[in-house]
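Everything below concerns the one structure shown next.
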C-alpha cells in the first residue's frame, strides 16, 4: 500500500507543536508517537510518497500496526485518512487543545494528563495555558474507563494462570492495543477482565482489535460495555473480523431503519434509543418488520416519534406471544371482534334498561354471555 502525505502547515522544517507534546504525546503509546513523528518528519522534508511496508520495516512492526497507529491519530483528530486499500492519503491537521482541557482551564481547575514516568507537576509554556498546573494522571482514575467490581458468575483465574497469560505474545499485543485505544495505562481490574475475555472466548488478536475499536467508536471505553459486546458476539457465533463487521453494519442499518419508520431522517440515534432497539431485537427477538409496524402504529396514534409508546406496544406483543406479522394481524382481527361484541352487549343492556318495568319479552329474558377476552386471545394465537 502506498501512503500519500499532505501537510496542513506552511512550515518547511520539522516542527513539533507544543500542544502535541503537552496533551497528546503523554497519553499515547510510545510506538504510536514514534510513527507519527516519523511521518511528520518525512512530510516536512518533502518525502510525501511512502510505502506502508517500508514504514513497518523501519520500526520492526507489521503493516497492521502502522494502520492501527494511523487510525489512533485519526481518532485523536490529528490526521484525516482517505483513499482505498492500495492508496491511502494522510492529511496532517494542526493540533488543538482538547475540548476537555479547554473547559477545565477555563474553570482554572487542574487538568490531569499522563506522562510516561514523571510524577512532578508540569507547567505548560503555551500562551493559552500559562500558569496552569498540569498534573500527571497515569495513576488517576478516568471517567468512563474504570469499571466497578465484576459481578455475575465469572470464573476466577489463579495468579499463576494470569501470569502465564501475560507472558503470551498474543496477550501482550492485545493489552497493547487496549491501552492504545483506551488512552490510559490499564488498571489491574481492566487487565484481568480482558484476560478473562481472551481465556473464555478465544478471540484472535485481530478480532480483539476490532472489538475495542468498535466499542470506542461507539463512545464507550467502559470495560463492562466491551465485555457485553464480546459475549454477544460470541453467543452469535462471531469469530472473525469479517463476521463482526457484517453484524455491526447490520445493526447500524437497523437503527436507521427504525428512525426512518418514526419519520426521523436528520440525526443519528442516541444511546437510550440504541439500547431500546437492542432490547427489542436481542432480548425479545423481534424482526424489523414487526418493529417498523410498532413504529408506524406509534406515529399513527400519537402523531410523533415516541420510543416509550412504541415500547409499550412491543412489550404487549411480547406478552401475547407474537412472533410474526400474522400473529399481529390475528390479534387485530380478534380485537375488532371483541370490540363489536362489547358494543352489541352494551346496546342490549341499554335497551333493557329503558324498557318499562314489568314488560316481559321472551327474546331478551336470557343470560348474557360473559367473555374472558385474554383467554380468547391466547387460544387464537395457539391455533
Which of the residues spanning the stretch 86-104 are modelled with pLDDT of 70 or more and closer than 18 Å to residue 72 by Cα?
88, 89, 90, 91, 92, 93, 94, 95, 96, 97, 98
Evaluation of residue 267 against (1) part of a helix (DSSP H, G or I); (2) at pLDDT below 90 (one fails), failing number
(1)
Residue 308 vs. criteria outside the structural domain of residue 178 (by TED's automatic domain parsing), without any contact (Cβ under 8 Å) to a residue 12 or more places away in the chain, surrounded by fewer than 13 Cβ atoms within 10 Å (Cβ to Cβ) and not in a loop (DSSP other than H, G, I, E, B):
yes
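Residues checked against (1) at pLDDT 90 or above; (2) surrounded by fewer than 16 Cβ atoms within 10 Å (Cβ to Cβ); (3) not assigned by TED's automatic domain parsing to the domain that holds residue 261:
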position	(1), (2), (3)
286	yes, no, no
312	yes, yes, no
335	no, yes, yes
344	no, yes, yes
352	no, yes, yes
370	no, yes, yes
375	no, yes, yes
Just need a number here: residues in the stretch 187-223 that are part of a loop (DSSP other than H, G, I, E, B), buried (at least 21 other Cβ atoms within 10 Å of the Cβ) and in contact (Cβ under 8 Å) with a residue 60 or more places away in the chain.
1
Which of the following residues is in contact with a helix residue (DSSP H, G or I) (Cβ under 6 Å, 6 or more places away or on another chain) and modelled with pLDDT of 85 or more: 20, 32?
32
Taking residue 321 as the residue in question, decide whether it is loosely packed, with under 12 Cβ neighbours inside 10 Å and on the phi > 0 side of the Ramachandran plot.
no
Of 302, 326, which residue is within 27 Å of residue 260 (Cβ to Cβ), touching a helix residue (DSSP H, G or I) at 6+ places or on another chain (Cβ under 6 Å), free of Cβ contacts under 8 Å to residues at least 24 places away in the same chain and surrounded by fewer than 14 Cβ atoms within 10 Å (Cβ to Cβ)?
302
Verdict on residue 206 being under 16 Å from the mean Cα position of the chain (by Cα) and modelled with pLDDT of 85 or more
no
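A quick yes/no check of all residues on (1) touching a residue at least 12 places away in the same chain (Cβ under 8 Å); (2) within 19 Å of residue 177 (Cβ to Cβ); (3) in contact with a strand residue (DSSP E or B) (Cβ under 7 Å, 6 or more places away or on another chain); (4) in a strand (DSSP E or B):
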position	(1), (2), (3), (4)
42	yes, no, yes, no
61	yes, yes, no, no
66	yes, yes, no, no
77	yes, no, no, no
82	no, no, yes, yes
85	yes, no, no, no
88	yes, no, yes, yes
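The values are calculated or read from the model by the stated rules, or taken from the named source; none is laboratory data. Please read all numbers here as calculations on a predicted model, not as lab measurements. No Cβ is skipped: glycine too gets one built from the backbone with ideal geometry, and neighbour counts run over all protein chains shown.
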